[in-house]
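A.B. asks: One structure is given below, represented as structure tokens, and several questions about it will come after.
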Amino acid sequence: MKAIFGRLRRGFGENTRFALLAVRAHKLRASLTVLGIVVGVATVIAMVSIVTGFNNNMIRNFQSFGASLVLFQKYEPRFGPGGPTPEGELRRKEPTMEDAAALREIPEMRAVSPQRYLWNNTDYHLKFRDAEARSPRVFGVMEEYPIATNRLISVGRFLTPTEVAHAADVIVIGEDIREKLFPREDPIGKRVSLGHDTYSVIGLFEKKGKMFGDSQDNFVVIPITTFDRRFPWVKAGTSDGDALRIATVPYTPDQVPVIIEKARTILRTRRHVRFDKPDDFGIITPDKMIESFQGITQGITLAMVFIAFVSLLIGGVGVMNIMLVSVTERTREIGVRKAVGAFRRDIVLQFLTEATTLSLLGGAIGVIVGIAIPAAVKRAFEALPAETPLWAVFVGLLVSMSVGIFFGLYPAVKASRLDPIEALRYE
């Protein structure tokens, strides 16, 4: 057994050496042949790296808001432009503060945070002395907001029930706002102006970073009662988007399905939705958003896989073509080997090894290029994270080797079937 293994190893090593000598002798031809494989393998690895990095980053971002967050709003969740909002959703009722109060009665509910947003803010800038933070997002919330949205306070404190009840002029700021207004001093207790109104800074949120290239720290929070007094058109529903969203969180993650079903029953009853009609409100969970987002990335993945398949097909045809040319050029060599006792399997193994070596060479180059592309993308565009999983490298090499075996098999078998006498006569 050991002798057989040693013989196979020596034969494979010799065939590999012949294959490398053939590549060296025909550099240009070999380069053009493996180009398709390089493109195909590089496309697969780069695509997998970018999509994997994007998905992992997206999952981390959504889960940073709490794995058990359940958000109730007017519209269904969607990514991207997605065309105009369906007419049925536009006719839906806005969630109300009374809806939020009703959801608070669910026994499994830990926190309920109704909140309003000033999203497209181009008129209101936050100022402190000569410093200015332009167009921050402004949120109107209640005291349970940090628990419901997993937003921690790093300095100072959050809103109290008394401040919410009395519409106090207090504000909690994000890290981006602190960097612009208070780069070298403590913001707590300072008075800042937003539009024509002034607020006292009582807290600073913990830094969240970016999500899809958009900072999650360029915002401020004020009591929802103060928000309704200062921005009444948002409450009236005349601004873009939802007038009110209700963020909720249960005591434990396994209670998420429970609060969803109980909340759905409460809201349908309050809105007088018939049993045979769909919900007239949207429900968002991190899992739903992840699933929706991955539906988009799966379409991109399929398109990239198709491109990679076409490239590999072209590369495979190139390998078959060069091996057929090689068989023709080395007809006399094949005849000599057969005349001195080589078996058909030896000829097949020789040419199959050469085809596989050629493909693996293209695969190795493709792996290097495939790793370099997402690394360059990550360096150039912070919003496009990329992570190259180890399995993608192995898949790239395995695919390139499979292409060599598949497309090299026919030329190898054809070479093994040559008649040795006719081959020796070949000029």
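The values are calculated or read from the model by the stated rules, or taken from the named source; none is laboratory data. None of these values were measured; they are calculated from a predicted model. Backbone-built Cβ (ideal geometry, glycine too); neighbour counts: all protein chains shown.
A.B. asks: If a residue has to be in contact with a helix residue (DSSP H, G or I) (Cβ under 8 Å, 6 or more places away or on another chain) and assigned to a loop (DSSP other than H, G, I, E, B) to count, how many in segment 191-208 make the cut?
C.D. replies: Of the residues in that region, 4 qualify.
A.B. asks: Sticking with this one: Here are some residues: THR252, THR269, THR225, THR265. Which one is of a type in the set (S, T, N, Q), within 22 Å of GLY174 (Cα to Cα) and at pLDDT 85 or above?
C.D. replies: On the way: THR252 fails: within 22 Å of GLY174 (Cα to Cα); THR269 fails: within 22 Å of GLY174 (Cα to Cα); THR265 fails: within 22 Å of GLY174 (Cα to Cα).
Exactly one residue qualifies, and that residue is THR225.
A.B. asks: Pairs only if they're at least six apart or on different chains, beta carbon under 6 angstrom, first in segment 172-197 and more than 17 Å from SER154 (Cβ to Cβ), second assigned to a strand (DSSP E or B) and not β-branched (Val, Ile, Thr); list them, first residue then second.
C.D. replies: ARG191/SER200; VAL192/LEU126; VAL192/PHE128; VAL192/TYR199; SER193/LYS127; LEU194/LEU126
A.B. asks: Same structure, new question: Answer yes or no as to whether SER64 is polar (S, T, N, Q), surrounded by fewer than 19 Cβ atoms within 10 Å (Cβ to Cβ), farther than 28 Å from ILE300 by Cα and modelled with pLDDT under 75. Show your work before the answer.
C.D. replies: Working: polar (S, T, N, Q): yes; surrounded by fewer than 19 Cβ atoms within 10 Å (Cβ to Cβ): yes; farther than 28 Å from ILE300 by Cα: no; modelled with pLDDT under 75: yes.
The answer is no for SER64.
A.B. asks: Still on this structure: Has segment 374-389 got at least one residue that is at pLDDT 75 or above, hydroxyl-bearing (Ser, Thr, Tyr) and assigned to a helix (DSSP H, G or I)?
C.D. replies: Checking segment 374-389: not a single residue is at pLDDT 75 or above, hydroxyl-bearing (Ser, Thr, Tyr) and assigned to a helix (DSSP H, G or I).
A.B. asks: Also: So ALA355 ticks every box in (1) of a type in the set (Gly, Ala, Ser); (2) at pLDDT below 75; (3) farther than 30 Å from ASN55 by Cα but one. Which box is left unticked?
C.D. replies: (2)
A.B. asks: In segment 95-147, what residues are free of Cβ contacts under 8 Å to residues at least 60 places away in the same chain and of a type in the set (S, T, N, Q)?
C.D. replies: Hits for segment 95-147 are ASN121, THR122, SER135.
A.B. asks: Let me ask another. Within segment 285-299, is even one residue surrounded by 17 or more Cβ atoms within 10 Å (Cβ to Cβ), over 30 Å from LEU352 (Cβ atoms), of a type in the set (Val, Ile, Thr) and at pLDDT 75 or above?
C.D. replies: yes
A.B. asks: Moving on. Return the residues of segment 78-96 that are hydrophobic (A, V, I, L, M, F, W, C) and at pLDDT below 65; say none if nothing qualifies. If you could, list the steps in order and put the result at the bottom.
C.D. replies: So in segment 78-96, the residues hydrophobic (A, V, I, L, M, F, W, C) come out as 79, 90.
Listed by number, the list holds a single entry, PHE79.
A.B. asks: Could you pull out the residue among GLY213, GLY241 that is at pLDDT below 90 and over 30 Å from ARG264 (Cα atoms)?
C.D. replies: Values: GLY241 fails: over 30 Å from ARG264 (Cα atoms).
Answer to the check: GLY213.
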